[in-house]
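Read through the structure below, which is laid out as structure tokens, and then see the notes.
The values are calculated or read from the model by the stated rules, or taken from the named source; none is laboratory data. Model, not experiment: these values are computed from the prediction. Here Cβ is always computed from backbone atoms with ideal geometry, including for glycine, and neighbour counts include all displayed protein chains.
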Number of protein chains: 2
Amino acid sequence: MKNDRAIGVFDSGVGGLTVVRSLMERLPSENIIYFGDTARVPYGIKSVDTINRYASQITEFLLKRDVKLLIVACNTMAAVAYQTIKDLSDVPVLEVIEASAHNAVRQSRAKVIGVIGTPATINSNAYARAIRHCDKTIKIYSQACPLFVPLVEEGLFEHEATNLIAREYLKPLMAEKIDTLVLGCTHYPLLKPLLQDIAGPEVTLIDSAQAMADIAADLIAKQKIANDGNDHPDYLFCVSDVPYRFQAIGEKFLGRKFDRVEVVNL
Amino acid sequence: MKNDRAIGVFDSGVGGLTVVRSLMERLPSENIIYFGDTARVPYGIKSVDTINRYASQITEFLLKRDVKLLIVACNTMAAVAYQTIKDLSDVPVLEVIEASAHNAVRQSRAKVIGVIGTPATINSNAYARAIRHCDKTIKIYSQACPLFVPLVEEGLFEHEATNLIAREYLKPLMAEKIDTLVLGCTHYPLLKPLLQDIAGPEVTLIDSAQAMADIAADLIAKQKIANDGNDHPDYLFCVSDVPYRFQAIGEKFLGRKFDRVEVVNL
């Protein structure tokens with residue numbers, strides 16, 4: 001059990017790079033292998049069967065690369081394929097939903113929480129289950145936002161069209177007077193300023209990337225698998241396709257340049 | 001060489017059903033097998049390599065089903081993978097781009113044509129080549145419209161957000177005083193009223209679905225492979241996934257209910 005093995009992070013595309021960014025800040029001596037399924041993104045509108053099949057392929061790929069910990073950055077895979085991934089893995093598996101749910105419950109004073117995500121994530125009810133597991137008395141209102149992923153991938157973070165669509169998506173949640181809004185998709189942090197503006201300053205936005213880095217740090221400390229004293233961490237970015245505008249959009253999510261990019265056909 | 005073999009039509013998702021709809025009207029005695037790669041849609045933002053790989057898999061699948069003719073309904077595949085598909089096929093292959101290009105050249109009086117499509121289609125320059133092949137004197141202005149596919153898949157045909165985005169996409173084309181606009185993606189016919197409204201009544205919109213059905217009818221007549229006297233044509237719809245809202249959106253494109261849907265993992 002060597003501690004210099006990498007953390008494996010995976011996502012349906014580039015959105016999970018927000019999680020990698022938080023991990024790099026929180027755990028600067030850890031090696032990281034990222035897999036983004038850029039050939040088959042988006043997952044959020046696919047069926048449960050297909051999402052499970054693709055999630056298995058990615059899990060097997062990362063396990064072969066000898067990772068010490070798997071992080072499911074994609075909310076959609078976490079919501080519908082977590083058990084499949086766990087069953088395949090002989091290393092710990094962390095996923096974003098539990099992390100964000102805990103965080104949301106801790107933040108909410110009014111005990112009225114809104115959750116936004118892809119159709120697959122919202123239809124799975126995974127957030128509602130995870131939040132109720134923390135606190136049964138909390139009221140939860142969910143809204144699928146199928147257009148946010150393509151709008152973010154186009155870089156329209158502050159565009160009037162995005163604003164119009166976001167106002168429609170958030171309207172039913174605001175009517176329920178939520179005080180906390182879970183951004184249940186790794187793409188959504190890039191819409192934070194717009195969403196905060198629509199929701200108003202009294203609503204706390206919960207970003208899964210940071211919550212994820214915190215629980216990863218806890219687990220690594222508890223299991224004593226930290227890669228201490230590594231000043232030159234290795235970052236490898238594997239993708240199933242190098243699509244249109246990949247570099248520009250990916251680096252926007254990651255907040256820095258890619259070190260090494262490898263194309264892998266699953 | 002039996003004439004009751006089906007016509008094989010394929011697309012990256014549900015958009016190609018607009019072509020099937022035109023074929024059903026134009027060639028009512030022909031059997032049709034459709035393949036829509038709904039698990040991996042959209043293609044328009046993927047790399048050329050990945051599009052070619054996926055197109056080969058679909059071509060092989062349809063050839064195994066013993067089709068007499070292949071129709072590449074997807075503009076993106078036609079633009080970047082036509083040669084690959086043709087090399088694999090021992091039956092005739094028709095694709096939308098040539099059909100639409102001919103049609104556009106015939107319609108344009110001012111000889112200034114606009115083309116809209118996915119990033120992959122526009123970057124391939126396939127429309128510009130096909131149009132210049134018909135008439136070297138024509139001026140061509142192209143615009144990639146990456147958000148139209150997700151907006152159409154969400155059913156936002158007349159939404160103000162779609163209107164805002166469409167105005168931005170069409171602005172540079174309108175500035176060049178185009179008199180003909182090629183809808184270079186099978187999803188776009190559902191935006192026709194909105195696009196006509198923005199472009200104005202003096203611009204002719206070219207819809208690839210009808211052009212496609214016309215050239216298919218020509219080829220079937222010329223090659224004497226018509227399935228004459230068949231009063232009960234067989235329609236089979238194969239898809240790689242049954243995603244979120246598939247039935248509702250698919251039937252909107254097809255203009256009628258699905259007969260048989262089969263899920264195929266490629």
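Listing for the model above:
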quantity	calculated
All helices (runs of 4 or more DSSP H) inside segment A:181-266 with 3 or more residues being within 21 Å of the chain's Cα centre (by Cα) and farther than 30 Å from A:Tyr169 by Cα	A:208-222
Candidates B:Ala104, B:Ala216, B:Ala120 - the one that is in the same structural domain as B:Arg40 (by TED's automatic domain parsing) and in contact (Cβ under 8 Å) with a residue 40 or more places away in the chain	B:Ala216
Breaking point among (1) within 16 Å of the chain's Cα centre (by Cα); (2) buried (at least 24 other Cβ atoms within 10 Å of the Cβ), for B:Glu30	(1)
Test: B:Thr50 is assigned to a helix (DSSP H, G or I), hydroxyl-bearing (Ser, Thr, Tyr) and closer than 21 Å to A:Ser12 by Cα	yes
Residue that is nearest to A:Glu153 (Cα to Cα) [pool: residues in segment B:152-180 that are without any contact (Cβ under 8 Å) to a residue 24 or more places away in the chain and among the hydrophobic types (A, V, I, L, M, F, W, C)]	B:Ile165
Enumeration of residues in segment A:141-167 that are acidic (Asp, Glu) and at the interface with another protein chain (Cβ under 9 Å from one of its Cβ atoms)	A:Glu153, A:Glu154, A:Glu160
Flag for B:Tyr34 being closer than 18 Å to B:Arg65 by Cβ and of a type in the set (Phe, Trp, Tyr)	yes
Residue check, B:Ile7 farther than 30 Å from A:Ser240 by Cβ, crowded, with 18+ Cβ neighbours inside 10 Å and either within 16 Å of the chain's Cα centre (by Cα) or assigned by TED's automatic domain parsing to the domain that holds B:Phe258 (or both)	yes
Hits in segment B:111-125 (condition: among the small types (Gly, Ala, Ser) and more than 14 Å from chain A (Cβ to nearest Cβ))	B:Gly114
B:Lys86 being over 18 Å from A:Leu151 (Cα atoms), away from chain A (no Cβ under 14 Å) and in a loop (DSSP other than H, G, I, E, B)	no
All positions within segment B:47-69 that are of a type outside the set (Lys, Arg) and within 14 Å of chain A (Cβ to nearest Cβ)	B:Ser47, B:Val48, B:Asp49, B:Thr50, B:Ile51, B:Asn52, B:Tyr54, B:Ala55, B:Ser56, B:Gln57
Unmet criterion (only one of (1) in contact with a strand residue (DSSP E or B) (Cβ under 6 Å, 6 or more places away or on another chain); (2) under 17 Å from A:Ala78 (Cα atoms); (3) more than 14 Å from chain B (Cβ to nearest Cβ); (4) crowded, with 21+ Cβ neighbours inside 10 Å) for A:Ala128	(4)
Where B:Ala216 falls short, out of the listed (1) closer than 19 Å to B:Val19 by Cα; (2) touching a helix residue (DSSP H, G or I) at 6+ places or on another chain (Cβ under 9 Å); (3) within 14 Å of chain A (Cβ to nearest Cβ)	(3)
Boolean, B:Val72 is closer than 21 Å to B:Ala126 by Cα, more than 14 Å from chain A (Cβ to nearest Cβ) and in contact with a helix residue (DSSP H, G or I) (Cβ under 9 Å, 6 or more places away or on another chain)	yes
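Okay, residues lined up against (1) crowded, with 16+ Cβ neighbours inside 10 Å; (2) farther than 12 Å from A:Leu17 by Cβ; (3) out of contact with any Ser or Thr (no Cβ under 6 Å at 6 or more places or on another chain); (4) more than 14 Å from chain B (Cβ to nearest Cβ):
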site	(1), (2), (3), (4)
A:Leu205	yes, yes, yes, yes
A:Gln210	yes, yes, no, yes
A:Gln223	no, yes, yes, yes
A:Leu236	yes, yes, yes, yes
A:Ala248	no, yes, yes, no
A:Arg256	no, no, yes, yes
A:Val263	no, yes, yes, no
